[in-house]
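Structure record follows, encoded as structure tokens.
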Amino acid sequence: MTTNEILADIRAWARAGKPVALATVIRTWGSAPRPAGSKMAVSGQGEMSGSVSAGCVESAVVQEALEVLRNHRPRRLRYGVADETAWEVGLTCGGEIDIFVESWTGLEGLVSWLQGMALDSLPPMVRLIVVGGPEEALGRSVLVGVDGRIVAGDPNAFPETLMAHARSVLAGGTADTRQIHAEGRELEVLVDPWLPPPTLVIVGGVHISVALSRLAGAIGYRHIIIEPRAAFAAPGRFPEAEMVERTWTDEALQRIGLTPATAVAVLSHDPKLDDPALLAALRSPAFYIGALGSDATNLARRRRLLAAGLSEDELARLHAPIGIDLGRQDAEGIALSILAEIVATWSGRSRIRLDPSGSE
């Protein structure tokens, strides 16, 4: 489940008057089944949303979460093969995990913010939370937007150096922990990025796009088709797509708005449509931009884009020819290769940029 889906369940439980606890993976060692930042919400009735270990320790964490809801004191848990408790709950894969469990019932600022948010359009954010140190400091947190704005929590809770690190973690997309000295105390802080589910923008309504739309829908990707040509944008051609934009590509991209959670697949194979789309996308914060075409087509495209004013650094972001080589040349195989490359890039998130201008 995505962070947005877990937040949606937290909001539904809170609206129903149910207390809620959140368990978050802080650190992992060895072959732990879930990475740092993985989350599981637990309601006061024992309902679960998300996962912290792909099933290995969930039942034990639920019991710990219910205890946190009873005494309103956060706690830090460790499970590993060296711990007898870990064998009891099934973590025998050679890994260890640290998990922080907190009650959200008393976090009025965060809960109030959550109640007013449109979760399907949640922007990238990062949460800082104290997970180690004196008991009275545990659970102190702040939620920071991609622009550095404080979304919820105390803006003075953490030093500016840590806030700057939080923004860099948001760019990389991977949670980590930091030791800091604040108010005369040593604290351990989890820096946890909250990223929205990725959106795929497909430029061109060609046959490969039809197959890519089906595959993207099957794995839950929100996706949009841009196709100004009437025949390729016929009603019913893309039933899985959220929308079909029937305007010129650069105008459509401007209206859609490209974010650090957007992938752009340029597939029309027509320079009149592809080039304006690439000029806009390669100057945006989109985490992935790819274009269909052979090596020769790509070389000619590079020359046109450089002549149009793109820099070599901007052009270096382009995946072209698009997709991972799977050895298949049919539409479905090419679509699968494209989606595989997008998913792999998103998982690494090495290309996410923060500033809408495209700067790091």
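The values are calculated or read from the model by the stated rules, or taken from the named source; none is laboratory data. Since the model is a prediction, treat every value here as computed from it, not as a measurement. Note that we place each Cβ from the backbone using ideal geometry, even for glycine, and neighbour counts take in every protein chain shown. For accessibility, only protein heavy atoms count, side chains too; no ligands or nucleic acids. Shrake-Rupley method; radii C 1.70, N 1.55, O 1.52, S 1.80 Å.
Any chance you could give the angle, 0 to 90 degrees and rounded to 10, that helix 271-281 forms with the longest Cα principal axis of the chain?
Tilt of helix 271-281: around 30 degrees.
Out of all DSSP beta bridges with both ends in the chain, state the antiparallel percent to the nearest 5.
The answer is about 70 percent antiparallel.
So how do 61-67, 313-319 stack up, highest first, on mean other-Cβ count within 10 Å?
Put in order of decreasing packing, that is 61-67, 313-319.
Kindly report the accessible area of the chain per residue (heavy atoms of protein chains, probe 1.4 Å, no ligands, DNA or RNA), in Å².
It amounts to 43 Å² per residue over the chain.
Helix 207-218 sits at what angle to the longest principal axis of the chain, using alpha carbons and giving 0 to 90 degrees rounded to 10?
For 207-218 against the chain, the angle is about 10 degrees.
With a/c under 1.5 counting as rounded, go ahead and sort region 274-316 into rounded, prolate or oblate using the C-alpha gyration tensor (a ≥ b ≥ c being the square roots of the eigenvalues; past the cut-off, prolate if a/b is larger than b/c, else oblate).
Since a/c reaches 1.5 but b/c is at least a/b, the shape of region 274-316 is classed as oblate.
Got a sec? Which residues in region 191-207 would a label at Asn4 touch, if it sits 7 Å along Cα→Cβ and we count backbone N under 20 Å?
192-203
Which residue, Trp104, Ala261, His181, has the largest displacement toward the positive end of the dipole of the chain when charges sit on each Cβ (Lys, Arg +1; Asp, Glu -1)?
Going by the charge dipole, the pick is Ala261.
Highest mean first, what order results for 251-262, 132-143 on Cβ atoms within 10 Å?
Most protected by this proxy first, the peptides run 251-262, 132-143.
From the mean inverse distance of alpha carbon pairs (Kirkwood) and the Cα radius of gyration, derive Rg over Rh for region 111-247.
1.18
Looking at region 215-360 from every direction and averaging, what is the projected area of its Cα convex hull in nm²?
For region 215-360, the mean projected area of the Cα convex hull comes to 8.6 nm².
Give me the extension gain from Arg328 to Arg304: residue separation times 0.36 nm, minus the current Cα-Cα distance, reported in nm with one decimal.
Roughly 5.8 nm would be gained on extension.
Mind putting a number on the dipole of the chain about its Cα centre? Charges go on the C-beta only, +1 for Lys and Arg and -1 for Asp and Glu, and I need it in Debye to the nearest 20.
640 debye
May I ask for the percentage of alpha-carbon pairs in region 235-314 that lie more than 16 Å from each other?
54 percent
Sequence gap at least 6, Cα distance under 8 Å: using those rules, report the relative contact order of the chain to the nearest whole percent.
Relative contact order comes out at 12 percent.
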